[in-house]
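Rule-based calculations on the coordinates, nothing more; no lab input. Since the structure is predicted, the reported quantities are computational estimates derived from the model, not experimental observations. Quick reminder, even Gly has a Cβ in these numbers, built from the backbone with ideal geometry, and neighbours come from all protein chains shown.
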Amino acid sequence: MKLNEILLKNDITLSFEVFPPKATANYESVREAAYGVAMRKPSYMSVTYGAGGSTRDNTLKIAKGIQEECGITTIAHLTCVGATKEGIRQSLEDMKAAGIENVLALRGDKPKDFEGDPFTDYHYASELVEDIREFGGMCIGGACYPEGHVESENTLEDIRNLKKKVDAGCSFLTTQMFFDNNIFYNFLSRVREAGISVPVIPGIMPITRAVQIRSAVKLSGCNVPMRFRSIVDCFGNNPEAMQQAGIIYATDQIIDLIANGIKHIHVYSMNKPEVVKGIQENLSKII
Ligand code: FAD
């Protein structure tokens, strides 16, 4: 099923993200975790992609498996950094053959081991969006950044570039994680002012281990409010308490989003069925 059909319905959707293994060695354990998330019956699931193609086959295999064996619609991520036009076309043919109808079109970041210029055939995700649209038959999503993308001069420029990406053919956007919902509400109103009318799905990251917050901030530069900092300071050394506090904080963000009229929410569930279960149980009378 295409995601724009799911998003058009009036129901609240809660979707979860999983990542595939890079190597074949731990494929089974990752598959088990991903299917464990699927068994929780989310509205749909997304499967990430290793920039440069490091998870190309496993992204597709996991996404196909979740659809066919668990009956959950999936969206496969696809990056264009370091990719050729022919390579992207082949990936799209493979997705189509696997029954994948949804793709999150991303630029990606230059992989550490990539030699040479990674931006020859593609410079920005918008070019990938154009090629996927031309290929046809896919519902296309894109990424967006409530606090601005790390490479952008400012959020205004970032939103201008986002408009180009949406105009190229995105049916919806999913945001990078944020820990203060006001940042999302402010971003959403600026996006709408800029004439972007597609659904913008907030991405919520349950932080269940103290190390996660350091890597999240390093990667995305996102702001960590004092309220959340105190939680990590207090419970970071107690794994069980940190997991519980992280699930509650993420649930709190989700409840606030729903209370403010946001219908579609994506959770960066990181192959953790127990985190998905915790969030769903906290929301059992709400969704
Ligand atoms: P773009 O939309 O191309 O933007 C990148 C930068 O270029 C921005 O600063 C933008 O303002 C600027 N820009 C865009 N168009 C133009 C233009 N025409 N002229 C000048 N500047 C321009 N990475 C992975 O490797 N695998 C994943 O599975 C993955 N999943 C993600 C899912 C989500 C929801 C998000 C938010 C990010 C994800 N990422 C993933 C990370 C993403 O690949 C990086 O953040 C990357 O740096 C940017 O990708 P993008 O698609 O947003 O790029």
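Straightening the chain between residue 286 and residue 189 buys 32.4 nm, computed as 0.36 nm per residue apart minus the Cα-Cα spacing. Dipole check for the chain: with +1 at the C-beta of Lys and Arg, -1 at the C-beta of Asp and Glu, and the Cα centre as origin, the magnitude is about 520 Debye. Counted over segment 211-268 with a bin width of 10 Å, the fraction of Cα pairs per bin, in whole percents, is 20, 48, 29, 3. Loop-located GluC sites (Glu not before Pro) in segment 105-192 (DSSP state not H, G, I, E or B) with no more than 16 neighbouring Cβ atoms inside 10 Å: 115, 151, 153. Under the combined filter of DSSP loop state and at most 13 neighbouring Cβ atoms within 10 Å, segment 1-109 retains these trypsin sites (Lys or Arg not before Pro): 9, 22.
Here each label is just a point 7 Å from Cα along the line to Cβ, and for residue 86 and residue 258 those points are 5.0 nm apart.
Just to confirm my numbers, what's the Cα centroid distance between segment 133-175 and segment 216-247 in Å? Distance between centres, Cα-based: 28 Å. In the chain, inverting the average of 1/r over every pair of distinct C-alpha atoms gives 19.3 Å as the Kirkwood radius. Starting from a Cα-only point model with no solvent, please compute log10 I(q)/I(0) by Debye for segment 17-109 at q = 0.20 1/Å. For segment 17-109 at q = 0.20 Å⁻¹, log10 I(q)/I(0) is -0.90. Phi-derived couplings, Karplus 6.51 cos²θ - 1.76 cosθ + 1.60 at θ = phi - 60°, listed residue by residue for segment 186-203: 5, 4, 4, 5, 5, 5, 5, 4, 7, x, 8, 10, 6, x, 10, 9, x, x Hz, with x used for Gly and Pro. From helices alone, the chain scores -15000 deg cm²/dmol at 222 nm; the rule is -39500 (n - 2.57) for each run of n ≥ 4 DSSP H residues, then divide by the residue total.
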